[in-house]
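Report on the structure given below.
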2 protein chains.
Amino acid sequence: MDTFQRAMRSCAHKVEGVLDSLLPPDDGPEGRLMEALRYAALGGGKRVRPFLTLASAAMFNVEESHALRVAAAIEMVHCYSLVHDDLPAMDDDAVRRGRATVHIQFDEATAILAGDALLTQAFEVLADAATHPDAAVRVELVGALAKAAGAFGMVGGQMLDLLAGDRDLALSEITRLQRMKTGMLIAVACEAGGIIGKATEGARHMLHAYAHDLGLAFQIADDLLDVEGDAETVGKKTGKDAQRGKATFVSALGVSRAREQAEMLSRQAVGHLDVFGEKAELLRKLADYVVVRGS
Amino acid sequence: MDTFQRAMRSCAHKVEGVLDSLLPPDDGPEGRLMEALRYAALGGGKRVRPFLTLASAAMFNVEESHALRVAAAIEMVHCYSLVHDDLPAMDDDAVRRGRATVHIQFDEATAILAGDALLTQAFEVLADAATHPDAAVRVELVGALAKAAGAFGMVGGQMLDLLAGDRDLALSEITRLQRMKTGMLIAVACEAGGIIGKATEGARHMLHAYAHDLGLAFQIADDLLDVEGDAETVGKKTGKDAQRGKATFVSALGVSRAREQAEMLSRQAVGHLDVFGEKAELLRKLADYVVVRGS
């Protein structure tokens with residue numbers, strides 16, 4: 001296992017620990033809710049967003065305990081969005097990360113509430129003084145996360161996705177949709193390191209540019225996995241997009257141009273990191289990883 | 001119309017205006033989402049929680065524009081919870097405030113997303129510098145609202161409510177459930193005035209005690225309305241609790257003891273306001289109002 005793989009695994013392990021400590025135990029009268037929360041957030045996932053936060057925070061000499069709480073809050077928002085997107089009224093998915101989705105394992109009402117609770121708790125964690133001693137830093141994180149998650153971010157992106165149905169979308173429409181649905185949270189995960197580390201405007205601009213390209217590369221790679229991947233390795237049903245007639249980067253560009261585009265974006269992302277020198281090595285490796293990963 | 005009624009109406013009118021300005025216009029590709037957001041948050045409701053925030057803030061000489069933004073954020077969370085609670089998988093309600101509920105007017109997916117967006121936007125509004133110049137005040141509001149809305153607040157209360165089904169609950173269980181489901185947000189709405197106004201610990205303690213009793217009185221009155229109210233005046237179907245065999249304060253205490261209890265709690269709430277003298281007049285009137293209202 002190389003340095004990058006070790007760093008990814010170490011980050012996933014630490015974030016799992018912080019999530020475990022932040023999520024309430026599954027006892028008490030409302031234990032079923034807590035059980036569903038823990039099921040949704042623990043025990044799986046590549047933890048790409050937390051890795052981005054930890055790797056970017058490390059460039060600005062941030063205390064790791066602070067970065068980990070922020071990373072966990074961002075991951076809670078990611079997990080909430082998966083729970084709600086999987087619901088019967090939305091994408092109606094039964095399998096996620098190789099396990100039954102929350103509404104299958106529990107029921108629909110519990111899944112809706114577990115998602116609501118995860119989203120809410122993310123903001124509670126960010127607002128807590130344990131996350132950073134400076135209230136201005138905490139409130140900036142809240143604002144950035146809320147913006148990325150809201151009507152012009154993840155929620156709006158999911159709405160666009162549902163409205164598109166099996167309609168053909170122009171490449172520009174697909175790009176906007178994916179930027180909202182997945183790109184903005186990836187960008188916040190990366191910029192969060194700069195916010196906690198009180199990085200200069202210039203440095204934050206570069207992080208944003210990196211994350212923008214990375215997010216698109218990540219999504220194109222996701223679309224490619226749905227076409228080329230094997231369900232067991234990917235951890236969810238593959239071939240779904242084509243079956244649903246869903247417009248994706250692959251349906252718009254074809255497999256080989258989509259792959260070229262992802263690789264180009266990955267190189268472009270890396271180009272924004274020059275100012276950070278050696279400190280940005282993990283972020284560079286991540287940009288390589290997202291386009292070659294098998295799940 | 002007396003002073004209190006005028007103040008209630010004026011507050012509702014102002015909050016409507018602020019919500020209108022904060023919610024995105026319903027154009028653009030994701031217009032359907034924005035339309036649902038606006039449908040859920042505008043054009044109705046007594047705006048009791050915003051009134052609490054405005055009336056408590058006024059005791060501490062807070063700038064009204066700040067109090068109004070906080071009131072609007074708290075009302076967004078209230079509206080989100082109604083949208084999600086009305087969903088088919090939850091309470092399955094078709095009418096609210098005399099109109100079709102969001103999932104009936106739009107569809108289920110749009111209702112889930114509109115709720116998610118309202119919840120998220122509440123935090124975005126609180127985090128915005130326009131809400132208060134002091135970041136410490138803003139982040140304290142975020143933390144308090146998230147706590148009241150989360151797994152040990154509204155979401156947990158709704159889970160308990162669903163888990164109870166038609167089972168008989170002890171009075172202590174009903175009290176805990178309602179404290180979580182509706183009481184904590186009412187308490188935050190009231191305490192928010194103290195937070196924005198940087199009130200002393202002592203004053204905030206009294207606001208909390210007032211809001212605690214008020215919240216219970218409010219819920220008992222709600223249960224009474226479901227038994228005694230007329231659907232047209234109440235704005236939603238009545239007699240639902242009994243039909244569902246739901247445990248309420250009225251099923252546990254009977255109508256006349258429930259009414260006595262609500263009135264006692266209302267008087268007790270008023271008792272906590274002595275330290276504020278004449279400044280607390282609107283809050284006193286509100287405590288009278290919640291137990292005599294017809295909707």
Which of B:158, B:105, B:178 moves the most in a Gaussian network model of chain B with Cα springs under 10 Å? B:105
Relative contact order for chain A: what is it in percent, counting Cα pairs under 8 Å that are at least 6 residues apart? 19
When the Cα centres of the range A:249-289 and the range B:193-238 are compared, how far apart do they sit, in Å? 54
Of the options A:151, B:73, B:112, report the single residue whose Cα projects farthest towards the positive end of the charge dipole of the protein assembly as shown (beta-carbon charges: Lys, Arg +1; Asp, Glu -1). B:73
With x for Gly and Pro, the residue-by-residue ³J(HN,Hα) of the range B:280-288, computed from phi through the Karplus equation 6.51 cos²θ - 1.76 cosθ + 1.60 at θ = phi - 60° and given in whole Hz, is 8, 4, 5, 5, 5, 5, 5, 5, 5
With an 8 Å cut-off on Cα pairs and a minimum separation of 6 or more residues, tell me the relative contact order of the range B:138-292 in percent. 24
Shape call, the protein assembly as shown: gyration tensor on alpha carbons, a/c limit 1.5: prolate
Going Cα to Cα from residue A:14, which aspartates and glutamates come in below 18 Å? Please leave out same-chain ones fewer than 8 positions away. A:63, A:64, A:75
Beyond a 28 Å Cα-Cα separation, which of these cross-linked pairs lie in this structure: A:181/B:46; A:181/B:246; A:285/B:147; B:46/B:181? A:181/B:46; A:181/B:246; A:285/B:147
Cα centroids of the range A:28-73 and the range A:119-133: how far apart, whole angstrom? 12
Determine ³J(HN,Hα), in whole Hz, for all residues of the range A:229-246 in sequence, where each value follows from phi through the Karplus function 6.51 cos²θ - 1.76 cosθ + 1.60 and θ = phi - 60°; x replaces Gly and Pro. x, 9, 3, 5, 6, 5, x, 8, 4, 9, x, 5, 4, 5, 4, 7, x, 7
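What shape does the range A:3-292 take by its C-alpha gyration tensor, where a ≥ b ≥ c are the square roots of the eigenvalues and a/c under 1.5 counts as rounded, a/b above b/c as prolate, and the rest as oblate? Walk me through the numbers before you get to the answer.
Values: a/c = 1.61, a/b = 1.04, b/c = 1.56.
It is oblate, given that a/c is not under 1.5 and a/b is not larger than b/c.
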Karplus-derived 3J(HN,Hα), 6.51/-1.76/1.60, for each residue of the range B:41-50, Hz, glycine and proline x: 9, 9, x, x, x, 7, 6, 5, 5, x
The range A:80-237 shape via C-alpha gyration tensor axes, a/c threshold 1.5: oblate
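Rule-based calculations on the coordinates, nothing more; no lab input. Since the model is a prediction, treat every value here as computed from it, not as a measurement. Please note: Cβ atoms are built from the backbone with ideal geometry, for glycine as well, and neighbour counts cover all protein chains shown.
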